[in-house]
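Working notes, structure below.
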Amino acid sequence: MEIHQLRYFVSVAEVGNFTQAAKRCHISQPSLSQQILKLEDELGQKLFDRLGRRVQLTAAGMVFFERAQRILVEIDDAARAVRDESGAGRVRFGIVPSIAPYVLPDLLQRFQDELPDSRVDVHEDFRSLLLEQVDSGDLDAVILTLPPASPNIEIELLYSEPLLAAIPAGHVLATKPRLTPRDLDGQRLVLLGDASSLALQTRRFFGDHRINVDVVCRCAQVWTVKTLVAAGIGLAILPQMAADLAHEGVIYRELSGLVPHREIVLVRHTQRFRGRSEEAWMEIVRDYFAQRGGAATGGTRRSPPPPLNTR
């Protein structure tokens, strides 16, 4: 039994498809299939049921999958421990797009100043994909919002910030120093796509207040949302840190009543090796958000938001 066979097996089990697993492992699909067949022959058990283009773990495959994952974790952690001892520290770090542009420049500069011999590899992606990579060990830690419960991850609250109304500079509501939820009733709204946790929090806010809005655009990036707001396409609900990077034509107003917040958390795997560079990076992250202020009390919200009332 070879280590690469375990990696191929785990990859197929995770993606449920031989072709996708081969791309992920950077080998040809026939070569991967041959290695899986050799592994099944050595174990004397069929590990996958082939269901057309899909594959599914057999009962024996499910037993082997848990142990194969554990073995690969130990091998990867052993290699990282050796590199950490030699001082060649490396941190694999993920962050969601709605936070990255506002915090990464400062965080990376601080890391470079304090740990010039170590390295941070940054991966910006959506929340669900980042969580998968923490679980698989491809990332050491991620910063995001609204993580789901999982026995494999630990969640540390870093920061809580209010969400603000982003308004075109010439809009009638721009004359008001603070907005009520009712001020937003019937307004045109620019919203992030459903893959964004910020969109979930916006939906929760409008659902809680039973507000009807007209969603005219769904975007993938906060910067696109701000551009459309500046053009007068509609209003948006954005985090306070979005106001840190000024955008001509957009003004921000606080919301009264049940003010929406987002909680920013640090997510890490509970069983992965943690080297000195990683721990140093985490301290930089904690200190940075502590200096921003607004630390929250209480746990992270995990309940699904009510549906957004649209017309």
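For q values of 0.09 Å⁻¹, compute log₁₀ I(q)/I(0) with the Debye formula on a Cα-only model of the chain, without solvent. Each listed q maps to, in turn, -0.58.
Once the chain from THR224 to SER28 is taken as fully extended at 0.36 nm per residue, the excess over their C-alpha distance is 66.7 nm. Relative to the current alpha-carbon distance between ASN152 and LEU104, full extension at 0.36 nm per residue lengthens the span by 14.7 nm. Taking the Cα centre of the chain as origin and assigning +1 to Lys and Arg Cβ atoms and -1 to Asp and Glu Cβ atoms, the resulting dipole is close to 1140 debye. The trypsin sites (Lys or Arg not before Pro) of segment 1-64 meeting both criteria, a DSSP state outside H, G, I, E and B (loop) and at most 11 other C-beta atoms within 10 angstrom of the site's C-beta, are ARG53. For segment 187-205, list residues with backbone N below 12 Å from a point placed 7 Å from the Cα of ILE233 toward its Cβ? Those under the cut-off are 189-193. Rounded to the nearest 10 degrees, the angle from helix 276-292 to the longest Cα principal axis of the chain is 10 degrees.
Modelled this way, with points 7 Å down the Cα-to-C-beta line, the labels at CYS217 and VAL73 are 4.4 nm from one another.
Could you calculate the contour length gain from LEU43 to GLU2, that is, 0.36 nm times the residue separation minus the distance between their Cα atoms, to one decimal place in nm?
13.5 nm
Axis angle, to the nearest 10 degrees, between helix 100-114 and the longest C-alpha principal axis of the chain: 60 degrees. Calculated [222 nm] ellipticity per residue, helices only, for the chain: -13000 deg cm²/dmol; basis is -39500 (n - 2.57) per DSSP H run with n ≥ 4, divided by all residues, nearest 500.
The label point for ASP244 and the one for THR58, both projected 7 Å from the Cα toward the Cβ, are 5.4 nm apart. Taking GluC sites (Glu not before Pro) in DSSP loop conformation with at most 15 other Cβ atoms inside 10 Å as exposed sites, the chain has its longest uninterrupted site-free stretch at 3-247. Sorted into 10 angstrom bins from 0, the C-alpha pair distances of segment 3-83 split as 19, 52, 24, 5, 0 percent.
The distance between label points at ASN17 and ARG210 comes to 4.5 nm (points 7 Å beyond Cα on the Cα→Cβ vector).
For segment 93-234, what is the convex hull (Cα atoms) projected area averaged across all directions, in square nanometres?
Details: hull surface 41.5 nm².
Computed as one quarter of the Cα hull surface, the answer is 10.4 nm².
Only the coordinates and a few stated rules stand behind these numbers; no lab work does. The structure presented is a predicted model; accordingly, all values stated were derived computationally and were not measured. No Cβ is skipped: glycine too gets one built from the backbone with ideal geometry, and neighbour counts run over all protein chains shown.
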